[in-house]
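Below: one structure in structure tokens.
Please treat every number below as a calculation from the coordinates, not as lab data. As the structure is a prediction and not an experimental result, all values here were calculated from the model. Here the Cβ is made from the backbone with ideal geometry for all residues, glycine too, and neighbour counts use every protein chain on show.
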Amino acid sequence: MSFFLEKCPRCGKGPVFLYSVFHIFKFTETHSHCSKCELNYEPETGFFFGAMYWSYAMLVGLAVITAISGTYLGLGEMLYWGIPSLIVVLLPWIFRYSRMLMLYVVYPIMHKNRFEKKDIKD
């Protein structure tokens, strides 16, 4: 549940992002550390470059599902505008959840010693 609420992968309490997803110009800004357990959200320079692969996979999956369901429903030419419009609308969420996948999936594998639970401040 903390994944969908965009909370820290270690303690599940500290927020990862500084602003709401609806803040158009600042939805990409993240905290440097968790405010509760002090987990470093970017353990090395360029850590979130890997999130591009996650977002690419999500975008391709979204486009394929939309194209198949649109073709099945007989939407035809409407898909030419529908898929890009859907991608533009969902872009902030795709960006954020690709970063969250990096934190929840890749971080524990690459940096086990940094990810171990510590005493968490309440």
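What single numbered condition from (1) closer than 29 Å to residue 108 by Cβ; (2) part of a loop (DSSP other than H, G, I, E, B) fails to hold for residue 94?
Checking residue 94 against (1) closer than 29 Å to residue 108 by Cβ; (2) part of a loop (DSSP other than H, G, I, E, B), the one that fails is (2).
Would you pick out the residues in segment 24-48 that are under 22 Å from residue 8 (Cα atoms), free of Cβ contacts under 8 Å to residues at least 60 places away in the same chain and either of a type in the set (Asp, Glu) or part of a loop (DSSP other than H, G, I, E, B) (or both)?
Correct list: 26, 29, 31, 32, 34, 35, 42, 44, 45, 46.
Follow-up. Can you say whether residue 51 is assigned to a helix (DSSP H, G or I) and touching a residue at least 12 places away in the same chain (Cβ under 8 Å), as far as the supplied structure shows?
Against the criterion (assigned to a helix (DSSP H, G or I) and touching a residue at least 12 places away in the same chain (Cβ under 8 Å)), residue 51 qualifies.
Every residue, every condition in (1) part of a helix (DSSP H, G or I); (2) in contact (Cβ under 8 Å) with a residue 24 or more places away in the chain; (3) surrounded by 15 or more Cβ atoms within 10 Å (Cβ to Cβ), yes or no:
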| position | (1), (2), (3) |
| --- | --- |
| 59 | yes, yes, yes |
| 63 | yes, yes, yes |
| 66 | yes, no, yes |
| 69 | yes, no, no |
| 76 | no, no, no |
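In segment 17-42, which residue that is acidic (Asp, Glu) and surrounded by 14 or more Cβ atoms within 10 Å (Cβ to Cβ) is farthest from residue 93 (Cα to Cα)?
Among them, the one singled out is 38.
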